[in-house]
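Trainee: The structure under discussion is supplied below as structure tokens; questions concerning it will follow.
The values are calculated or read from the model by the stated rules, or taken from the named source; none is laboratory data. All values derive from a computational prediction rather than experimental measurement. Using ideal geometry, Cβ is built from the backbone for each residue, glycine included, and neighbour counts are taken over all protein chains shown. Heavy atoms of the whole protein, side chains included, go into the accessibility calculation; ligands, DNA and RNA do not. Shrake-Rupley method; radii C 1.70, N 1.55, O 1.52, S 1.80 Å.
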Amino acid sequence: MLPLIAPISFFALIAVCRSVGAAAAQASSSQSKIDTLLDCLHRNIPTSSIITPANTNFVNDSIRWTTLAAPSYSVLVNAGSEEDIATSIQCATQSNVTFLATGPRHGYSITLDSVQNGLEINTAFLDHLSVDPDANTLTAGGSVTFGQAIDALYPIGKEMPTGSCSCVGLLGGSLGGGVGRLSGLHGLVLDSLISVRLMLPNTTIITASKTENADIFWGIGGAGFNFGYVLNATYRIYDQVPNGLHLNADFKFPISQVQSYYERLDKMAKSQPKELSILTLFNYDADLNETIITANAVYAGPEADGRAAVQFLFDQNPLISNITSVPWINLLDTVGFGFTGPAICKRGNRRSQWVIGVNRLDPDAYTTASGIFQDMITRYPATLDSSIDVQLLPTQGIIAVPDNEAAYPWRSLIAHVLLEFKYTDAQLDGIVDGYARRIRDVIVRTAGTAGLNVYVSYSHGDETLEEIYGKQKLGRLAKLKKMIDPEGLFDAYHALPTAYP
Ligand SMILES: Cc1cc2nc3c(=O)[nH]c(=O)nc-3n(C[C@H](O)[C@H](O)[C@H](O)COP(=O)(O)OP(=O)(O)OC[C@H]3O[C@@H](n4cnc5c(N)ncnc54)[C@H](O)[C@@H]3O)c2cc1C
């Protein structure tokens with residue numbers, strides 16, 4: 001008699017053969033899609049612009065800010081014209097290959113890994129920038145960075161709201177909202193947006209503004225990556241603060257002061273001047289060889305007023321402090337002992353980002369969070385370069401704009417609490433997720449919000465639609481999505497549904 005195990009092994013073998021067969025069939029069908037795509041591209045786009053993984057430039061040309069949940073590509077087109085973008089979209093659609101059109105590649109949502117073996121449409125050529133100082137406008141290509149906008153405006157005595165790191169896309173940042181240090185004076189970056197030239201998913205190009213395609217313009221302001229690709233956009237600009245100088249104050253405090261530090265910060269937040277922004281980190285300091293609180297305050301106004309506004313941080317008795325006047329053009333690389341400078345912009349690291357929007361700062365919650373953070377870096381020293389970053393940005397300019405002006409849903413948040421994990425070993429992903437969720441739970445419980453509210457461009461990607469886009473905005477956004485992108489071609493980054501609820 002045959003042993004009982006034999007028939008089981010036989011069926012198991014058949015199952016394995018079937019799954020190997022299915023995988024082979026899938027691989028061959030996906031290869032045939034790529035062949036169709038390449039054929040289409042080669043007929044319409046210069047060969048030198050079409051790059052495959054065999055090309056030595058492929059990795060460098062597609063490297064992203066984080067390797068976590070990064071999309072994977074079989075083909076990369078370095079577009080050289082708007083027609084190249086349109087052709088790439090058409091070829092990808094006809095070949096049934098997913099695609100991602102990219103700016104400076106600093107988006108980090110884990111939703112991006114929905115693009116696998118896809119096509120990257122690199123739009124780096126959209127880097128043109130022009131300023132009209134008389135009309136107070138700046139027009140920027142879809143791939144221009146915050147840093148390039150600052151470089152163009154500072155020499156002519158103008159400014160605009162930007163994000164806190166120079167390497168991030170101006171459009172990539174604006175389309176979710178765009179939070180930054182000048183929000184007390186000028187609102188979100190999107191609040192300065194006047195119009196966009198948008199390539200729709202069907203590759204027609206339209207202009208959208210408050211007076212033309214106003215509904216689309218509304219959706220662009222908070223969910224803009226869902227409706228096509230912005231080729232260029234025009235923003236309002238402003239006369240810069242006196243002499244373009246900002247007072248920059250950097251501090252290091254011992255972590256033992258976390259409770260009293262947050263009591264002080266919470267008190268100040270209740271009457272935060274519109275010129276004052278404060279970023280506070282828990283981080284490991286290599287020089288001091290301990291976890292500390294690093295604080296950075298920037299005052300966009302006269303030095304004497306700035307010194308008075310940051311005095312409360314001197315009263316907290318810092319270990320180290322440094323106060324200087326910094327021209328706007330150097331600000332982002334200088335603040336916080338350089339913590340938003342070139343090092344944070346570097347691509348190719350493994351970074352896991354999470355965020356919680358808050359309406360209040362609860363000192364107990366931050367004390368607990370700092371304990372969890374220290375536990376993580378002690379047990380897992382490979383996570384030592386991580387930090388918790390509380391961005392307390394002034395809201396006067398943000399709340400001055402009525403909520404129904406744009407899709408952005410979270411105008412009343414006073415701060416964004418960013419959990420920023422940096423490490424190299426992918427095997428730590430699960431551990432890091434666990435710590436992130438623990439800290440997020442602690443902060444959200446005392447955030448003073450109805451549940452978790454997250455700014456889309458900072459979100460991790462595991463949140464619900466309501467937590468990202470806000471329940472009150474989703475009905476209108478879903479109708480727009482159905483009208484403009486019913487097939488979900490622009491679904492890789494925080495896809496909207498086509499019906500809600
Ligand atoms: C180091 C760092 C600092 C940051 N600081 C800030 C900050 O201070 N304030 C803030 O608000 N955000 C900030 N962010 C978040 C940032 O706004 C988002 O990560 C944003 O998505 C990055 O845009 P990108 O164009 O650089 O990235 P990409 O990865 O190129 O693009 C991200 C997504 O946006 C889409 N997209 C980009 N450009 C366009 C366009 N022209 N038209 C249509 N869709 C487009 C892409 O298709 C993709 O889906 C920061 C991010 C990083 C990594």
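Trainee: One residue is enough: does region 300-313 have a residue meeting the conditions at pLDDT 95 or above and under 28 Å from SER459 (Cα atoms)?
Mentor: The answer is yes, given that some residue of region 300-313 is at pLDDT 95 or above and under 28 Å from SER459 (Cα atoms).
Trainee: Please identify the pairs in which a residue from region 231-254 that is farther than 30 Å from ASP287 by Cβ has its Cβ atom under 9 Å from the Cβ atom of a residue that is open to solvent by less than 10 Å² (accessible area, probe 1.4 Å) and hydroxyl-bearing (Ser, Thr, Tyr), counting only partners at least 6 apart or on another chain.
Mentor: LEU231/THR123; ALA233/SER174; TYR235/SER174; TYR235/SER192; ARG236/SER192; ILE237/SER192; TYR238/SER192
Trainee: Do we have ILE34 as open to solvent by less than 30 Å² (accessible area, probe 1.4 Å), more than 13 Å from the ligand (Cβ to nearest atom), at pLDDT 95 or above and in a helix (DSSP H, G or I) here? Outline the logic, then answer.
Mentor: Values: open to solvent by less than 30 Å² (accessible area, probe 1.4 Å): yes; more than 13 Å from the ligand (Cβ to nearest atom): yes; at pLDDT 95 or above: yes; in a helix (DSSP H, G or I): yes.
Judged against the criteria, ILE34 is a match.
Trainee: Conditions first: (1) open to solvent by 40 Å² or more (accessible area, probe 1.4 Å); (2) in the same structural domain as ALA223 (by TED's automatic domain parsing). LEU480 passes all but one, so which condition is the exception?
Mentor: With (1) open to solvent by 40 Å² or more (accessible area, probe 1.4 Å); (2) in the same structural domain as ALA223 (by TED's automatic domain parsing) applied to LEU480, the lone miss is (1).
Trainee: Please tell me if GLN90 is under 27 Å from HIS494 (Cβ atoms), assigned to a loop (DSSP other than H, G, I, E, B) and of a type in the set (S, T, N, Q).
Mentor: When the stated conditions are applied, GLN90 does not pass them.
Trainee: Further, regarding this structure: Of everything in region 270-313, what is farther than 28 Å from ILE398 by Cβ and without any contact (Cβ under 8 Å) to a residue 40 or more places away in the chain? Give them in sequence order. Quick ask: steps written out before the conclusion?
Mentor: Let us first name the residues in region 270-313 that are farther than 28 Å from ILE398 by Cβ, namely 284-292.
The answer is ASP285, ALA286, ASP287, LEU288, ASN289, GLU290.
Trainee: Follow-up. Tell me, which residue of region 415-431 that is out of contact with any Leu (no Cβ under 6 Å at 6 or more places or on another chain) and crowded, with 21+ Cβ neighbours inside 10 Å is nearest to ILE220 (Cα to Cα)?
Mentor: Top of the filtered list is HIS416.
Trainee: When you scan region 467-487, do you find a residue that is in contact (Cβ under 8 Å) with a residue 60 or more places away in the chain and under 16 Å from the mean Cα position of the chain (by Cα), even just one?
Mentor: Here is the first cut: in region 467-487, the residues in contact (Cβ under 8 Å) with a residue 60 or more places away in the chain are 469-470, 472-473, 476-477, 480-481, 484-485, 487.
Next cut, under 16 Å from the mean Cα position of the chain (by Cα) only: 469.
Among the residues of region 467-487, at least one is in contact (Cβ under 8 Å) with a residue 60 or more places away in the chain and under 16 Å from the mean Cα position of the chain (by Cα), which makes the answer yes.
Trainee: Related question: Quick check on my filter: what residues within region 178-205 are among the small types (Gly, Ala, Ser) and within 8 Å of the ligand (Cβ to nearest atom)?
Mentor: Selection gives GLY178, GLY180.
Trainee: Please work out which residue is surrounded by the most Cβ atoms within 10 Å (Cβ to Cβ), limiting yourself to region 266-286 and to residues that are of a type in the set (A, V, I, L, M) and touching a strand residue (DSSP E or B) at 6+ places or on another chain (Cβ under 7 Å).
Mentor: ILE278
Trainee: Filter region 297-317 down to residues that are outside any helix (DSSP H, G or I) and closer than 15 Å to MET268 by Cβ, then give me how many there are.
Mentor: Residues in region 297-317 being outside any helix (DSSP H, G or I) and closer than 15 Å to MET268 by Cβ: 5 in total.
Trainee: Which of the residues that make up region 210-243 are assigned to a helix (DSSP H, G or I) and either small (Gly, Ala, Ser) or away from the ligand (no atom under 13 Å from the Cβ) (or both)?
Mentor: Residues satisfying the conditions are ALA214, ASP215, PHE217, TRP218, GLY219, GLY221, GLY222, ALA223, GLY224, PRO242, ASN243.
Trainee: So, in region 56-66, how many residues would count as being away from the ligand (no atom under 12 Å from the Cβ) and open to solvent by less than 60 Å² (accessible area, probe 1.4 Å)?
Mentor: The total comes to 2.
Trainee: Sticking with this structure for a sec: From the list GLY371, GLY348, GLY397, which residue is in the same structural domain as LEU288 (by TED's automatic domain parsing) and within 30 Å of GLU275 (Cβ to Cβ)? It would help to see each step written out before you state the result.
Mentor: Values: GLY371 fails: within 30 Å of GLU275 (Cβ to Cβ); GLY348 fails: within 30 Å of GLU275 (Cβ to Cβ).
Just one listed residue meets the conditions, GLY397.
Trainee: Something else: Run down LEU126, LEU175 and say which single residue is in contact with a Ser or Thr (Cβ under 6 Å, 6 or more places away or on another chain), near the ligand (Cβ under 9 Å from one of its atoms) and among the aliphatic types (A, V, I, L, M). Walk me through it before giving the result.
Mentor: Details: LEU175 fails: in contact with a Ser or Thr (Cβ under 6 Å, 6 or more places away or on another chain).
Residue meeting the stated conditions: LEU126.
Results for (1) over 21 Å from GLY178 (Cα atoms); (2) in contact with a Lys or Arg (Cβ under 8 Å, 6 or more places away or on another chain), shown as yes or no for each residue.
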residue: GLY222; (1), (2): no, yes
residue: ASN232; (1), (2): no, yes
residue: ILE237; (1), (2): no, yes
residue: PHE251; (1), (2): yes, no
residue: GLN257; (1), (2): yes, no
residue: MET268; (1), (2): yes, no
residue: PRO273; (1), (2): no, no
residue: TYR284; (1), (2): yes, no
residue: ASN289; (1), (2): yes, no
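Trainee: Also, I was wondering about something else. Suppose we keep only residues that are hydroxyl-bearing (Ser, Thr, Tyr) and in contact with a helix residue (DSSP H, G or I) (Cβ under 7 Å, 6 or more places away or on another chain) within region 348-384. Which one would you say is nearest to the ligand (Cβ to nearest atom)?
Mentor: In this case the residue turns out to be SER352.
Trainee: Kindly list, by first and then second residue, each pair from a residue in region 119-133 that is within 21 Å of GLY107 (Cα to Cα) to a residue that is open to solvent by 20 Å² or more (accessible area, probe 1.4 Å) and of a type in the set (Asp, Glu), limited to pairs with Cβ atoms under 8 Å and residues at least 6 apart or on different chains.
Mentor: Within 8 Å, the pairs are ASN122/ASP61.
Trainee: If the Cβ limit is 7 Å and pairs must be 6+ apart or interchain, which residue in region 135-156 that is touching a residue at least 24 places away in the same chain (Cβ under 8 Å) and open to solvent by 10 Å² or more (accessible area, probe 1.4 Å) pairs with which residue that is more than 15 Å from the ligand (Cβ to nearest atom) and assigned to a loop (DSSP other than H, G, I, E, B)?
Mentor: Hits for this filter: ASN136/ILE237; THR137/ILE237; ILE156/PRO133.
Trainee: Of the conditions (1) closer than 24 Å to ALA478 by Cβ; (2) open to solvent by 10 Å² or more (accessible area, probe 1.4 Å); (3) in contact (Cβ under 8 Å) with a residue 40 or more places away in the chain, ALA214 clears all except one; give me its number.
Mentor: The one condition ALA214 does not meet is (3).
Trainee: I've got another one for you. Can you find even one residue in region 488-497 that is more than 12 Å from the ligand (Cβ to nearest atom), out of contact with any strand residue (DSSP E or B) (no Cβ under 9 Å at 6 or more places or on another chain) and either open to solvent by 50 Å² or more (accessible area, probe 1.4 Å) or part of a helix (DSSP H, G or I) (or both)?
Mentor: no
Trainee: Only one of these is open to solvent by less than 30 Å² (accessible area, probe 1.4 Å), among the β-branched types (Val, Ile, Thr) and away from the ligand (no atom under 16 Å from the Cβ): THR291, THR340. Name it.
Mentor: Numbers: THR340 fails: away from the ligand (no atom under 16 Å from the Cβ).
After ruling out the rest, the residue left standing is THR291.
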